[in-house]
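Read the structure below first, then the notes.
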Amino acid sequence: MKRVVACVIAAMFLAGCKTSPTGRTQIMLHSEQKMNELGSAGFEQIKADQAIEADPKTNQYVQCIADALIAQLPNKYAEQRWEVVVFKDDSANAFALPGGKIGVHTGLLKVAQDQHQLAAVMGHEVGHVIAQHANERMTQSGLVQAGLQLGNTMMEMNNVQSRNVIMQGLGVGAQVGLTLPFGRAHESEADVIGLDLMAKAGFKPIGAVELWQNMEKLGGDRPMEFLSTHPSPDNRIEKLNSKMAEANTLYRAAKQKGLSPQCRV
């Protein structure tokens with residue numbers, strides 16, 4: 001029985017092994033169709049729950065940036081029909097979901113001060129989608145839960161004392177050791193993908209650094225990076241700057257192709 005279980009697990013991992021756009025090995029056990037359905041359903045729920053910005057100039061501005069970015073996506077994503085919605089929300093946030101869904105909060109437009117800075121955020125969020133980070137996170141969450149349940153069952157079978165205390169420790173260990181760093185890896189990868197994407201679309205890559213400098217000025221309480229799913233702004237800026245030479249090469253190539261978005265409110 002142990003051999004059968006081991007073979008089944010090995011087969012699942014082999015079937016779910018993928019490579020991200022940056023070359024990182026991923027484990028994803030859910031189909032793209034399922035993820036697209038979940039993303040679309042989630043987006044419909046968000047539209048039902050949140051107020052939508054009706055101002056045509058604001059919507060045209062955000063759509064203009066989205067169109068420029070989408071045109072540079074890999075074929076299966078570029079050919080997909082994308083829906084872009086601006087939500088009335090004071091938080092400086094944006095998101096993208098599987099199924100071709102992009103949401104931008106009006107609060108972000110106060111922090112992203114031009115098309116280049118807003119393209120950095122939107123490119124980052126689309127980067128999560130094309131790297132299939134949602135699929136990877138769902139897979140990881142399922143595997144962690146299965147592992148914890150298996151551990152609990154084994155301790156019950158062997159009458160291990162202090163089982164509850166041990167399980168609580170394993171739960172915290174899984175979050176800090178796997179879930180949180182895993183989130184930071186996704187964020188850093190989406191930063192790189194988004195930087196390249198905005199540059200290919202003809203947006204100035206330095207806008208990504210300027211955006212995070214603006215975010216840094218917002219201040220607010222943040223958990224230390226060790227206990228956060230997001231890298232600190234300083235670390236993001238440092239990583240973006242390390243990739244700036246490559247991004248500027250892509251930007252110059254885009255300019256030579258005549259790609260020069262003129263998105264304004």
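The values are calculated or read from the model by the stated rules, or taken from the named source; none is laboratory data. As the structure is a prediction and not an experimental result, all values here were calculated from the model. The accessibility values were calculated without ligands, DNA or RNA, using every heavy atom of the protein model including side chains. Shrake-Rupley method; radii C 1.70, N 1.55, O 1.52, S 1.80 Å.
If ASP49, ASP67, ASP55, ASP90 are ordered by their accessible area, calculated over protein heavy atoms with a 1.4 Å probe, which sequence runs from highest to lowest?
ASP90, ASP49, ASP67, ASP55
Mind pulling up the Rg/Rh value for region 36-148? Radius of gyration and Kirkwood radius, both on Cα.
1.00
Once you've got the Cα coordinates, tell me which of LYS57/LYS88; LYS200/LYS239; LYS34/LYS110 are over 25 Å apart.
Result: LYS34/LYS110 exceed 25 Å.
Taking the Cα centroid of region 15-42 and of region 52-91, what is the distance between the two, rounded to the nearest whole Å?
Each part's Cα centre sits 22 Å from the other's.
What is the ratio of the Cα radius of gyration of region 73-112 to 2.2 N^0.38 Å, where N is its residue count, to two decimals?
1.32
Could you name the aspartates and glutamates whose alpha carbon sits less than 17 Å from that of LYS217, not counting residues in the same chain fewer than 8 places away?
ASP90, ASP114, ASP234, GLU238
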